[in-house]
There are 2 protein chains.
Amino acid sequence: METTMPKPLSPELHKKSVNTIRMLAVDAVENANSGHPGLPMGAAEMAFVLWSRHLRFNPQEPRWANRDRFILSAGHGSMLLYGLLHLAGFDVSLEDLKKFRQLHSKTPGHPEFRDTPGVEATTGPLGQGLANAVGFALSAKMLAARVNPPSGFRPLDHFVYVLCSDGDLMEGVTSEACSIAGHQKLGNLIVLYDDNQVTLAGKTSVTFTEDRDARYRAYGWHVQHVADGNDAEAIDRAIRAAQAEKDRPSFISVRTVLGFGSPGKAGTPEAHGSPLGKDEVKKTKEKLGWPLEPTFLVPDDVRAFWASRIEELRGLHEQWKRGVAQWEKEQPQKAKWLRAPAVPQDLPEQLASVVQGMNAAESTRKIGSAVLQKAAELVPALVGGSADLDTSTLTYLKGGGDVEPGSYAGRNIHFGVREHGMGAIANGFAYDGHFVPFTATFLQFVDYMRPPVRLAALSRLRTLFVFTHDSIFLGEDGPTHQPIEQLATIRAIPFMETWRPADPVEVAAAWAAALQREDGPSTLVFTRQKLPPLSRSQPVDVRTCLRGAYALVEPKLAKGEEPELVIIATGSEVATAQQALQALRPELAARTRLVSMPCVERFLRWPREEQRRLLPHDTKAKMAVVEAAGGLDWYRIVGDGLVVGIDRFGASAPEKALAEAYGLTPQKVAARIQAWLEQGAKANA
Amino acid sequence: METTMPKPLSPELHKKSVNTIRMLAVDAVENANSGHPGLPMGAAEMAFVLWSRHLRFNPQEPRWANRDRFILSAGHGSMLLYGLLHLAGFDVSLEDLKKFRQLHSKTPGHPEFRDTPGVEATTGPLGQGLANAVGFALSAKMLAARVNPPSGFRPLDHFVYVLCSDGDLMEGVTSEACSIAGHQKLGNLIVLYDDNQVTLAGKTSVTFTEDRDARYRAYGWHVQHVADGNDAEAIDRAIRAAQAEKDRPSFISVRTVLGFGSPGKAGTPEAHGSPLGKDEVKKTKEKLGWPLEPTFLVPDDVRAFWASRIEELRGLHEQWKRGVAQWEKEQPQKAKWLRAPAVPQDLPEQLASVVQGMNAAESTRKIGSAVLQKAAELVPALVGGSADLDTSTLTYLKGGGDVEPGSYAGRNIHFGVREHGMGAIANGFAYDGHFVPFTATFLQFVDYMRPPVRLAALSRLRTLFVFTHDSIFLGEDGPTHQPIEQLATIRAIPFMETWRPADPVEVAAAWAAALQREDGPSTLVFTRQKLPPLSRSQPVDVRTCLRGAYALVEPKLAKGEEPELVIIATGSEVATAQQALQALRPELAARTRLVSMPCVERFLRWPREEQRRLLPHDTKAKMAVVEAAGGLDWYRIVGDGLVVGIDRFGASAPEKALAEAYGLTPQKVAARIQAWLEQGAKANA
């Protein structure tokens, strides 16, 4: 797609346009009495050059597939973005800007995906946006490899632009992601680094003296430096050079002044995260030759400029649409890639058919691997990889090919030992919305990637997080690798769905549920060790598993009678609990229900009455849960019931020795439950 | 301290010594049928050169203050370390090596601090060890600045050596920590990078093609390259050059062959994480000219060499002791720094006295700041800092001075926006044991630093983690910055103690508890917002707070009567709950106990009966908890009781609007509790 250059602005109008962005930010922060004026003031020039001369978008269709993406990684400078969105015609009004940082506004403190048209990603936790952008850029390359013809009209050729800050570069997640970006030769990624030499708490000289440019060169990036962040032409030249560089991502460090224009606070930490204050606002406006009133001023000629620019860009979009319409006739299959991924409605049944008849002892990671292969066949948009653990997580898509530098037709992404970067990159794919990304590592290492896991939930992204080696039963690697509290910490995240399946059909359900959940992330948790097959009196329907909980063993009771005991278990402990049933007193065993609960969150969405039918809390039935984990999260299910879990760190030892030492053999589980019941009986006697 | 050079070994004995290390690892992994032989085989040469010619230690006194530290960041190569510890005379026997990876052995799968003499840090989760080492090195510099005289005998002049792998360098935590190391000019830090070009899942060419040497130069490090990892003299020269470089940390990349000596597996991922297998062991031993039997062979002349080397080093230690004895006479105060930090027994009372009389509305971060200043005065070993948030966390030690490049007498460490590196560096201080380190950031960002927070608990380190801005009530920054599930995820970590104090005396107790807890980490959680003072009928003793829970409001009941309702609250919600009492029906309010529970973990250690006296579960009393957080963790305390918390993400808005929207005003809390009680009464009717 051609870039249309807008007509050159007069120097005066250019300056006024840049100051409009500055002053909208100043006024909004002042009005909210909260926020970060410094970054928008310092970065307004480069943002204006980028948005007015380069960025291709259509404010009426903010999700146009071939728009350029702009990600404000330094999310605290949100008013820069909101101001630009307003000026560029997105559905962000002056009234919205006046509600900056107020409840349920379109202009929250940090940009939030889905809340505001034109916001590509939720940013604010530093480093995430830049790492997401690597995902956007890789996604774009992979999409182009699937869509673009070798010659002629190219439906996809957009850039991914990022504006980032010192904090973004200090965070390790960007080191991880940017190393991948360099390796993968993401020439479509252009990062503008707002080098303002000031952080919240002081000057960067206090702690951030590394040679950033040299570091990015070491990652294999194309690096440029702009000495004056108010030099529009130098910025423009650097952006053009970056666009021309096809094989390397571009890093443009732009020397700016935080809070530019504020006579008393420019270049100091005071300009960073607090309103300038009434007096300083006045002085700033005077210095920049800006009227004191009205606030939230957008001069008419600035409006007129943007109107004409929007019109130009609309024309570009129309031209693209015509090209696509023609191309789509020739390539109807390929054109589907421009829309959201399709997932078959009967995916649960199709995946369940893969595992039908599997009844030898097997690990759920291995079963998961078989299911994943079929899922990949049925959902071409499914792509992903592991943090250097393919041979352990078993998540390699066979026949899917590798995503390699300069060659993006494959489906397997190699993230290296970079869990945090992996999670944030996967979120970038999910934000962009053309692929369904998955990540994989050991469950313990969710600790290395908590921020993107949480942000996937906050932004309601279809990111799939696969974790294998899900308990102490991974064995000899010991406590540094054995999750204890991790399941609880994932289940604690609002809006996350966590699956810990117990057998083949539950594994199929877990993958199907995750893939069909369009507006939120899922976590899939698998064992390293082999599990004995469950004994099922009749096969369970995959749709039953999809509900998150069901009775695996139902005692034969007279009508209206309640069970005496309900044991709930997940994953590897379902088999343990089923064997434990044999070790209970026969009279008790005969009155015990065993519930498999592969997804607690789905169970929690059942109507209360239905929940109580499965887990009859208000009767004399006692509840116990068995899970080889910390168990903190289970009391909300069993109330005053018993949690048979692990209340300390693991140990390096073979699996069987650990089951004994941690009381998780069927015999020990049965004995523990019985002792607890007897104690309760005694206390009530 | 002088380095004594051991007498040069014959080439044959040298080779035999190196192969001994290799073969101990091969045999132990084979014996355990689990483990990682590849790294020890490839890195044995450099490890032997370092340990036999440079490393200063005394196996009989493994915690000698001026020993050189050796940290195996690539913890999966644990048999390299265990083999060296055995050979070098530490209390690790051949029998211990034969119990590699068995339950309760001294030789767990990954090195664990406290389990094995000579293991300086728990490693295995990649990147942690190298980042810890930056903490060791900075701690050493800071200790030396406090102890060493300007001239003459210097009690402290050791090096911190690290052996790390590709995975360590890929993890973002090392980017963060090593940038700090370069900034701080840690010339005492020497990193040997085992550049074996192979990772678990493949070749580094698949994903790790950045220029590592250039990256470390960009961080301000002294970088060397050794082309042949079996060239002892080249390694030796590089180590000497690194020692001579005083102002920069040293990075020595050493090109090795993973699994060196294995004819079939050397240089392949197969050598990484699995036993070689019987046949391949045989071929390897044949190739290296090693007897097939006995396994775990240490040739006599190798033993004899180590005996003489240990003797030399013992002499060095004796010489140091004599120097110290003399010096201690002149500098008895300074000599105390060589021992573990002293914390006054009456610290709780002394800290409580600081806050006495504070009864205006104030944030707990502000109160915490006042307490911290006093704590710093009473505990000179207390040092720390924030991730670029001093002005928000209020944790700057006034008058403590800054730790600056080349000038280490200060107490305030500036970590930059590097939470993960901060946590791991702080753990390095705690492992070394001469300082009590604290870190500080917003509670939300514990997500960025989970691995070191967990490892502090696993390794039982006195690391203090301060987190401010502890709930949605931080306000306008919005959901990306508002913790919901974070409290639960920290409380879920075994062995962690988490404090969320409600008022000045509880803040004093929290700091005192954390500082006095010698064998484990504490988390201190403070508010951003001001809290109304609690209404106390009489002042509470700080020792009562130290117990973790107590009745703040006790209803006047007849003897033997139980309260009708017990409300538990923490932190900012204690005041809310107290105000909510006023809004309850008066008959109910008169029969309600309000419990403040600043530290759940301490309460959980009470004898069961005492717990039940405060929270009378088995009676008709109803339990409710109020905490502005996810609440997942509270059901273990209140069982089937009510948790008034937050079950979704936060929102960007002023504090008061959030309290209304999330049902956390006193009126709404009271109404919610009453409605719940009435519903329960109806259900029972």
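The values are calculated or read from the model by the stated rules, or taken from the named source; none is laboratory data. From a predicted model like this one, the values you see are computed outputs, not experimental measurements. Reconstructed Cβ throughout: ideal geometry from the backbone, glycine too, with neighbour counts over all protein chains shown. To get the accessible areas, we keep the full protein, side chains included, count just its heavy atoms, and leave off ligands, DNA and RNA. Shrake-Rupley method; radii C 1.70, N 1.55, O 1.52, S 1.80 Å.
Structure above, values below:
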{"item": "Boolean, A:Arg248 is more than 28 Å from A:Ser205 (Cβ to Cβ), surrounded by 20 or more Cβ atoms within 10 Å (Cβ to Cβ) and either touching a residue at least 40 places away in the same chain (Cβ under 8 Å) or touching a Leu at 6+ places or on another chain (Cβ under 9 Å) (or both)", "result": "yes"}
{"item": "Odd one out for A:Leu461, checked against (1) touching a helix residue (DSSP H, G or I) at 6+ places or on another chain (Cβ under 7 Å); (2) open to solvent by 10 Å² or more (accessible area, probe 1.4 Å); (3) more than 7 Å from every other protein chain (Cβ to nearest Cβ)", "result": "(2)"}
{"item": "Elements of type strands (runs of 3 or more DSSP E) contained in the stretch B:175-283, each with 1 or more residues being of a type in the set (Asp, Glu)", "result": "B:189-195"}
{"item": "Options A:Arg613, A:Arg602; residue that is under 30 Å from A:Trp511 (Cβ atoms), of a type in the set (Lys, Arg) and under 33 Å from the mean Cα position of the chain (by Cα)", "result": "A:Arg602"}
{"item": "Failed item, numbered, when A:Ala307 is tested on (1) touching a helix residue (DSSP H, G or I) at 6+ places or on another chain (Cβ under 9 Å); (2) within 18 Å of A:Lys16 (Cβ to Cβ); (3) not charged (D, E, K, R)", "result": "(1)"}
{"item": "Spans of helices (runs of 4 or more DSSP H) in the stretch A:580-671 with at least 1 residues surrounded by fewer than 18 Cβ atoms within 10 Å (Cβ to Cβ)", "result": "A:586-589, A:600-604, A:608-614, A:655-661"}
{"item": "Cβ pairs under 7 Å, 6+ apart, first in the stretch A:468-483 and more than 7 Å from chain B (Cβ to nearest Cβ), second β-branched (Val, Ile, Thr) and in a helix (DSSP H, G or I)", "result": "A:Thr468/A:Thr393; A:Gln482/A:Ile472"}
{"item": "Candidate set: the stretch B:144-184, residues that are polar (S, T, N, Q) and either more than 14 Å from chain A (Cβ to nearest Cβ) or over 21 Å from the mean Cα position of the chain (by Cα) (or both); chosen: the one most open to solvent (accessible area, probe 1.4 Å)", "result": "B:Ser151"}
{"item": "Residue within the stretch B:445-453 that is more than 9 Å from chain A (Cβ to nearest Cβ), of a type in the set (A, V, I, L, M, F, W, C) and open to solvent by 10 Å² or more (accessible area, probe 1.4 Å) present", "result": "no"}
{"item": "Members of the stretch A:6-50 found to be outside any helix (DSSP H, G or I) and of a type in the set (Phe, Trp, Tyr), listed by number", "result": "none"}
{"item": "Residues of the stretch A:318-348 classified as surrounded by fewer than 18 Cβ atoms within 10 Å (Cβ to Cβ) and assigned to a helix (DSSP H, G or I), total", "result": "16"}
{"item": "Selection status of B:Thr489, surrounded by 24 or more Cβ atoms within 10 Å (Cβ to Cβ), of a type in the set (Ser, Thr, Tyr), in a helix (DSSP H, G or I) and at the interface with chain A (Cβ under 8 Å from one of its Cβ atoms)", "result": "yes"}
{"item": "Candidate set from the stretch A:418-443 (those that are in a loop (DSSP other than H, G, I, E, B) and open to solvent by 10 Å² or more (accessible area, probe 1.4 Å)); member that is nearest to the other protein chains (Cβ to nearest Cβ)", "result": "A:Gly433"}
{"item": "Of all residues in the stretch A:87-143 being of a type in the set (A, V, I, L, M) and in a loop (DSSP other than H, G, I, E, B), the one that is farthest from the other protein chains (Cβ to nearest Cβ)", "result": "A:Ala88"}
{"item": "A:Arg101 vs. criteria touching a residue at least 24 places away in the same chain (Cβ under 8 Å) and either at positive phi or buried (at least 22 other Cβ atoms within 10 Å of the Cβ) (or both)", "result": "yes"}
{"item": "Filtered residue count, the stretch A:418-450, keeping only those that are under 8 Å from the mean Cα position of the chain (by Cα) and closer than 18 Å to B:Met449 by Cβ", "result": "2"}
{"item": "Subset of the stretch A:367-393 [within 11 Å of another protein chain (Cβ to nearest Cβ) and either part of a helix (DSSP H, G or I) or not charged (D, E, K, R) (or both)]", "result": "A:Gly385, A:Ser386, A:Ala387, A:Leu389, A:Asp390, A:Thr391, A:Ser392, A:Thr393"}
{"item": "Odd one out for B:Pro501 among (1) surrounded by fewer than 22 Cβ atoms within 10 Å (Cβ to Cβ); (2) in contact with a Phe, Trp or Tyr (Cβ under 8 Å, 6 or more places away or on another chain); (3) in a loop (DSSP other than H, G, I, E, B)", "result": "(1)"}
{"item": "Yes/no for B:Val574 being within 35 Å of the chain's Cα centre (by Cα), open to solvent by less than 20 Å² (accessible area, probe 1.4 Å) and farther than 30 Å from A:Val625 by Cα", "result": "yes"}
{"item": "In the stretch B:206-219, the residues that are within 7 Å of another protein chain (Cβ to nearest Cβ), in contact with a His (Cβ under 9 Å, 6 or more places away or on another chain) and either surrounded by 22 or more Cβ atoms within 10 Å (Cβ to Cβ) or among the hydrophobic types (A, V, I, L, M, F, W, C) (or both)", "result": "B:Val206, B:Thr207, B:Phe208, B:Glu210, B:Tyr219"}
{"item": "Pick from the stretch B:642-674, criterion more than 34 Å from the chain's Cα centre (by Cα) and facing chain A (nearest Cβ under 8 Å), ranking: nearest to A:Glu112 (Cα to Cα)", "result": "B:Ala653"}
{"item": "Which listed residue, of A:Gly135, A:Gly124, is touching a Ser or Thr at 6+ places or on another chain (Cβ under 8 Å), buried (at least 24 other Cβ atoms within 10 Å of the Cβ) and in contact (Cβ under 8 Å) with a residue 40 or more places away in the chain", "result": "A:Gly124"}
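For every residue, the table says whether it meets (1) at pLDDT 95 or above; (2) under 30 Å from B:Gly124 (Cα atoms); (3) part of a loop (DSSP other than H, G, I, E, B); (4) open to solvent by less than 10 Å² (accessible area, probe 1.4 Å).
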| site | (1), (2), (3), (4) |
| --- | --- |
| A:Thr480 | yes, yes, yes, yes |
| A:Ile484 | yes, yes, yes, yes |
| A:Phe495 | yes, no, yes, no |
| A:Leu515 | yes, no, no, yes |
| A:Leu524 | yes, yes, no, yes |
| A:Arg528 | yes, yes, yes, no |
| A:Pro539 | no, no, yes, no |
| A:Leu552 | yes, no, no, no |
